[in-house]
Amino acid sequence: MTLESLELSVPLSATLLMFVGGALAVVGCLIRGEPTRFNRAWAWAWSTLFLGSAFLLLTPQQPHPAVAGLLGLSPPLLLVGSLGFVGQRVPSWVTALVPTGAFLSMGLALLGPATAPIFSAFTLAVGGGAAVVLYRRARPGWIQQRLLPLAMGSFALVYAAGVVAHPDYGLTWPTSLVALSFALLIAAQSLATLERLREESEQAESERQEIESRYRSLADLSNLVVLVLDRDQRVIEWNRVAEAIYGWTREEALGQNYVETFLPEDTHPAILALIDRILAGGQARGYEKTALTRQGERTLRWNMSRLMNAEGRSSGILCLGEDVTEERRQREEQRRLLAAVEQAGDGVVVAD
């Protein structure tokens with residue numbers, strides 16, 4: 001390799017490391033939520049390591065203390081992320097190790113190689129502790145239980161040995177061995193994270209199905225029509241009473257637009273306006289309307305209210321209905337009878 005190509009490779013390598021470090025820092029800022037809290041700590045650990053290595057690569061003979069501080073943040077941040085990965089609360093004294101690592105690493109640049117054994121022992125202890133935590137507390141699995149703690153331990157060992165081995169100032173950029181340990185740990189963390197996200201997704205789906213099953217059982221025990229419509233009036237729940245009244249099975253009704261399928265066309269504008277009011281926070285109680293069923297027209301009395309999602313927004317409408325077809329027919333007969341009585345010219349007496 002010529003001197004010119006070597007001189008060119010240094011700024012290019014530094015630029016690449018800065019790009020990767022900046023990207024990981026952005027990832028650390030964007031990651032939110034309890035299931036991925038360990039990802040945030042790991043992302044910041046790698047961003048500080050790559051950014052510090054990039055600056056160190058540009059000024060290897062006289063590293064700035066701030067650069068050394070960046071490099072000292074990575075090991076304790078990896079420990080914090082590991083505790084989060086196994087679902088363990090991060091103690092305050094572990095959190096205090098993060099700035100401690102930075103100060104110890106800065107001491108290398110200010111005081112020289114004499115302080116390298118202190119920082120090396122700190123790095124080995126913190127990284128080894130993370131490896132032990134992962135080995136003893138991670139969920140069963142080849143990645144979590146074997147590869148990840150092995151990768152964390154090898155990273156701590158190589159990183160600590162590299163600090164002591166440097167002859168001038170106790171800091172070094174990744175050699176081939178260090179780079180290999182970096183790659184192994186990044187791969188192990190990525191695989192473990194994907195596995196954890198898959199487990200979380202499966203657990204959430206299982207819980208959702210269990211909740212739906214309980215809800216459906218309660219709905220089927222009711223003697224009322226229980227319908228749930230989404231914001232687009234599509235049927236997303238349909239109980240056994242609804243099956244009996246409408247003549248549609250649950251499988252047939254799910255996904256149907258309720259307004260277009262089960263209501264007379266001339267009532268659509270009024271119903272859509274009512275639905276908009278309910279989604280905006282209103283309610284409808286004792287609301288009677290004709291429904292189209294496979295047995296003919298039926299009259300149902302509805303109590304309707306909106307449903308809210310986890311973000312506090314309207315997600316649909318809960319409709320509880322009662323078949324009042326016979327009750328309405330009797331009212332109509334009484335009304336017609338009274339009208340006939342009022343129009344009669346002779347006196348009318350009604351007796352039992």
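The values are calculated or read from the model by the stated rules, or taken from the named source; none is laboratory data. Here the structure is a predicted model, which is why all the values come from computation and not from measurement. Glycine gets a Cβ as well: all are built from the backbone with ideal geometry, and neighbour counts include every protein chain shown. For the accessible areas, the whole protein counts, side chains as well, though only heavy atoms, and no ligand, DNA or RNA atoms are used. Shrake-Rupley method; radii C 1.70, N 1.55, O 1.52, S 1.80 Å.
Filtered by the rule that a residue be within 39 Å of the chain's Cα centre (by Cα) and among the β-branched types (Val, Ile, Thr), segment 291-340 gives a lone residue, Ile317.
Can you find a residue that is among the β-branched types (Val, Ile, Thr), at pLDDT 90 or above and under 26 Å from Ala280 (Cα atoms) anywhere in segment 217-226? Looking through segment 217-226, none of the residues is among the β-branched types (Val, Ile, Thr), at pLDDT 90 or above and under 26 Å from Ala280 (Cα atoms). Does Asp352 qualify as being modelled with pLDDT under 90 and buried (at least 17 other Cβ atoms within 10 Å of the Cβ)? No, not satisfied. Annotation note: of Phe103, Phe55, the sole residue that is buried (at least 20 other Cβ atoms within 10 Å of the Cβ) and either under 32 Å from the mean Cα position of the chain (by Cα) or closer than 18 Å to Val163 by Cβ (or both) is Phe55.
Just one of (1) open to solvent by less than 60 Å² (accessible area, probe 1.4 Å); (2) assigned to a helix (DSSP H, G or I) fails for Trp93. It is (1). The set of residues in segment 268-282 being exposed (fewer than 15 other Cβ atoms within 10 Å of the Cβ) and at negative phi consists of His268, Pro269, Ala270, Leu272, Ala273, Asp276, Arg277, Ala280, Gly282. Quick check on Leu79: is it modelled with pLDDT of 90 or more and either open to solvent by less than 50 Å² (accessible area, probe 1.4 Å) or in a helix (DSSP H, G or I) (or both)? So Leu79 fits the description; yes. The set of residues in segment 132-149 that are assigned to a loop (DSSP other than H, G, I, E, B) and open to solvent by less than 100 Å² (accessible area, probe 1.4 Å) comprises Ala138, Arg139, Gly141.
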